Structures are given as structure tokens and as C-alpha cells.
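In what follows, a single structure is set out as C-alpha cells and then discussed.
Quick note: the coordinates plus some simple rules give every number you see, no bench work behind them. These numbers were taken from a predicted model, which means no experiment stands behind them. Here the Cβ positions follow ideal geometry from the backbone for every residue, glycine too, while neighbour counts run over all protein chains shown.
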Amino acid sequence: MGYSTIPGWDLRVLGYWQLLYNGAPVEVSARQQRMLAALATLPTQPRHVLAARLWPNSPEHQSAGSLRSSVFHISHELPRLLSATDPPQLDADVHVDLHDVRELISEITLSGRRTVPPESIDLLQEATLLPGWYEEWVMEQQDHLLHQRVDALESLARSYLLAGSFSRALCAARAAATVDPLRESAQHLLVRCHLAEDNYASAVQVYRSFRSHLGRELGVEPSTHFAELLGIEPTLVVDQSRF
């Protein structure tokens with residue numbers, strides 16, 4: 001396969017791993033996939049740190065050799081995918097879907113962006129990083145991104161609530177609760193959205209479902225102030241799933 005002097009690389013790590021060149025999938029070995037995934041998800045770090053994270057069970061000299069080999073093969077087989085820097089990095093022209101999501105999250109949580117198109121909420125809800133990858137460095141990034149996504153969705157829900165855009169607030173809060181069903185702050189926002197629309201029954205149902213889920217998964221109760229938001233005693237909320 002020939003490559004032009006200005007390649008159009010597209011690396012996808014959300015939902016699945018895929019490398020595209022000008023829209024066409026490119027086959028890459030498992031070792032090179034891991035290497036490219038690490039460069040797309042991890043901050044730039046020294047060679048020995050990157051090698052240790054990718055090959056944690058190998059001696060230092062062996063992991064360093066594996067890194068050199070991966071860089072060599074990628075540089076020669078996939079021109080302009082890596083920059084000519086040390087330590088290795090993806091070229092600045094490579095499009096990475098994760099970077100788009102991180103930029104959106106930063107605009108919301110750091111720059112104070114208060115509105116987004118509906119498709120951006122869908123993107124934040126669905127942006128799961130490398131599902132099915134269970135290496136430690138991947139799971140760290142998965143967990144970090146999950147919390148960032150929920151933070152951004154909760155921030156949007158609060159902004160929409162303050163602006164009186166209750167349907168949009170409900171959409172963002174529901175997305176946050178879907179991403180992390182055990183996070184009380186997301187469920188709390190979801191209840192507030194229902195109450196803002198005068199849907200008390202829906203608000204109680206959210207609380208009841210969350211209480212049941214929390215009990216099954218963690219064996220604990222929601223905080224008392226959550227029930228107080230509804231003006232009820234926690235013990236009075238009947239869990240219908242027990243009958």
C-alpha cells in the first residue's frame with residue numbers, strides 16, 4: 001500500500017480500536033496497536049517510563065528493546081504516523097477521537113461552556129475508552145475518562161437547570177446517570193430535573209431504583225439528604241423489587 005506525502009491518519013480508541021488512512025482501515029499488529037493506543041491516551045513521558053508501562057513484566061533492557069522495535073516498525077511501515085521526536089509521540093496531524101472528547105470536556109469543565117449540541121451529550125455518554133482492554137495503564141485511563149465525562153455531563157445539567165432549560169438538563173443528567181449508575185450526584189441531579197418539571201412520581205422512581213441498585217451492588221443506602229430532597233423518610237420509600 002502506498003502513502004501520500006501528506007497522509008490522513010485517523011486513530012480511534014473510543015468504543016473500539018481502529019486505524020484509518022484516508023478513510024480506509026489499516027491492519028496493524030497487536031504490539032503496534034498497544035503502542036499507538038498508549039501514545040493516544042497517555043501523557044508524553046520518557047522512553048523508559050513508556051516502555052515499563054507497556055511491558056511491565058519484562059526486564060528494563062528487554063522492554064526498552066521492545067519499544068525501539070515498535071517505534072522502528074511503525075515509523076517505516078506507517079510513514080508520518082509518529083513525529084520525529086524523542087520520546088515518541090503521534091504526529092500532530094493525526095486525528096484521535098479521544099482528543100476531541102477531552103477538548104469538549106475541557107471546554108465544559110474548565111472554560112465554563114454552558115450549552116452543547118445534543119450530539120455532544122450523546123458523545124459524552126458513549127465515549128467508552130478501549131472496552132475489553134484490561135491492562136493496568138488502560139484501566140487507569142478508562143476510569144479517569146469516565147469520571148471526566150460524568151463531571152462534564154453534571155456541569156451541563158446544572159447549567160441547564162439554572163437557565164430553566166429543564167428538558168436539556170434532564171437529558172444531560174440522564175446521560176451522567178447512565179455512564180455511572182452508582183454515582184449519587186448524578187442521580188441527585190436527575191431527581192432535581194424531574195422535580196423542576198413537576199414530575200414527582202418520576203423523581204421518586206429514580207430514587208427508588210438507585211436505592212435498590214446501591215443496595216445490591218454495595219450494600220449501602222443513599223445519603224439522607226438525597227431522600228430529604230423529596231421530602232420523605234428513607235425508610236418510607238418502598239422497594240417494589242422485593243415483592
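Summary of values
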{"quantity": "Length added when fully stretched, Leu218-Thr128, from 0.36 nm per residue minus Cα-Cα", "calculated": "30.1 nm"}
{"quantity": "For the range 150-195 versus the range 1-75, the gap between their alpha-carbon centres in whole angstrom", "calculated": "37 Å"}
{"quantity": "Under-5 Å amide H pairs with Leu82, H placed in peptide plane, nonlocal only", "calculated": "Asp91"}
{"quantity": "Dipole magnitude (debye, nearest 20) for the chain, charges at Cβ of Lys, Arg, Asp, Glu", "calculated": "60 debye"}
{"quantity": "Cut-off under 5 Å, modelled amide H: who pairs with Gly8 long-range", "calculated": "Asn22"}
{"quantity": "Convex hull of the chain built on C-alpha atoms - directionally averaged projected area, nm²", "calculated": "16.6 nm²"}
{"quantity": "Helix 97-109 axis, angle to the chain major axis (alpha carbon atoms, nearest 10°)", "calculated": "40 degrees"}
{"quantity": "The range 117-133 - phi-based ³J(HN,Hα) in whole Hz, Karplus 6.51/-1.76/1.60, Gly and Pro as x", "calculated": "x, x, 5, 5, 5, 4, 4, 5, 5, 9, 7, 7, 7, 6, x, x, 9"}
{"quantity": "Unit charges at the beta carbon, dipole of the range 111-243: most positive-side option, Val138, His188, Ala169", "calculated": "Ala169"}
{"quantity": "In the range 12-88, GluC sites (Glu not before Pro) in a DSSP loop with at most 15 other beta-carbon atoms within 10 Å", "calculated": "Glu27"}
{"quantity": "In order through the range 28-44: 3J(HN,Hα) via Karplus (6.51 cos²θ - 1.76 cosθ + 1.60), integer Hz, x for Gly, Pro", "calculated": "9, 5, 4, 5, 5, 4, 4, 4, 5, 4, 5, 5, 7, 9, 8, x, 4"}
{"quantity": "Label-point gap, in nm, between Ala84 and Glu197 - each point 7 angstrom along Cα→Cβ", "calculated": "5.7 nm"}
{"quantity": "3J(HN,Hα) from dihedral phi, the range 216-230, Karplus parametrisation 6.51/-1.76/1.60, rounded to Hz, x for glycine, proline", "calculated": "5, 7, 10, x, 10, 9, x, 5, 5, 5, 5, 5, 5, 4, 8"}
{"quantity": "Between 0 and 90°, nearest 10: helix 60-77 axis offset from the chain longest Cα axis", "calculated": "80 degrees"}
{"quantity": "Net length gained if the chain between Asp93 and Arg68 were fully extended (0.36 nm per residue, minus Cα distance)", "calculated": "6.8 nm"}
{"quantity": "Helix axis angle, 184-196 relative to the chain longest principal axis, alpha carbon, degrees", "calculated": "50 degrees"}
